[in-house]
Amino acid sequence: MASERVTEAMRRIVAARAQNYCEYCRCSGDFATESFTVEHIKPRQVGGENTLENLAWSCFGCNSHKHTKTYSIDPITKQPEALFNPRQQFWNEHFSWSSDKSEVIGKTPCG
């Protein structure tokens, strides 16, 4: 059974696995103005567990924006699409940086 809380050991593993980069926007924790956090890919409110497979290292902005969402509406098709899952998908297939590196650009519906 998964624990009720994310332990400090789990937090260290998740941060090390992500090499201190947000797993959603790829920003470095070294330059963030706010602390990074462990984020549940599948939120606990919808049955997500405290397992390493369900945890991602996230900047405050991405964690706040995603919150408890698991899908979003594609602006082109108007259909629901699952959000990016850093344990199952590759960031470069779904996102890129703008030419001036100030904005993450979605390349696919989940991006």
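Here, each number is a calculation from the coordinates, and none is a lab measurement. Nothing here was measured: the structure is a model prediction, and the numbers come from that model. Cβ atoms come from the backbone with ideal geometry, glycine included; neighbour counts cover every protein chain shown.
If you filter region 32-111 for trypsin sites (Lys or Arg not before Pro), then keep DSSP loop positions with at most 12 other Cβ within 10 Å, what is left? Listed in order of number, the matching sites are 69, 78, 101, 107. Note on 40, 67: ascending count of other Cβ atoms within 10 Å places them as 67, 40, the fewest first. Seen from residue 24, the other residues with C-beta closer than 11 Å to its C-beta sum to a net charge of 0, counting Lys and Arg as +1 and Asp and Glu as -1. Phi angles across region 57-74 convert, under the Karplus curve 6.51 cos²θ - 1.76 cosθ + 1.60 with θ = phi - 60°, into 3J(HN,Hα) values of 8, 9, 6, 4, x, 5, 4, 5, 5, 6, 6, 10, 6, 10, 8, 9, 8, 5 Hz, Gly and Pro given as x. For the chain, the relative contact order is 20 percent, taking Cα pairs closer than 8 Å that sit 6 or more residues apart in sequence and dividing their mean separation by the residue count. Starting from region 9-111, pick out the GluC sites (Glu not before Pro) whose DSSP state is loop and whose Cβ has at most 16 other Cβ atoms within 10 Å. Qualifying residues, ordered by number: 34, 49, 103. Give me the Debye-computed log₁₀ of I(q)/I(0) at q = 0.13, 0.18, 0.22, 0.27 Å⁻¹ for region 7-58, equal point scatterers on Cα only, no solvent, two decimals. One equal scatterer on each Cα of region 7-58 leads to -0.29, -0.53, -0.76, -1.04.
Mind telling me which of 86, 75, 43 comes out most flexible in a GNM of the chain, alpha-carbon contacts under 10 Å? Maximum fluctuation in the GNM of the chain, among the listed residues, is at 75. Helix content alone sets the calculated 222 nm mean residue ellipticity of the chain: runs of n ≥ 4 DSSP H residues at -39500 (n - 2.57) each, divided across all residues, give -4500 deg cm²/dmol. Under 16 Å from a label point set 7 Å out along the Cα-to-Cβ vector of residue 8, the amide N atoms of region 21-58 belong to 38.
For residue 24, the residues 5 or more places off, or on other chains, whose built amide H falls under 5 Å of its own are 59.
Kirkwood analysis of the Cα pair distances in the chain returns a hydrodynamic radius of 14.7 Å.
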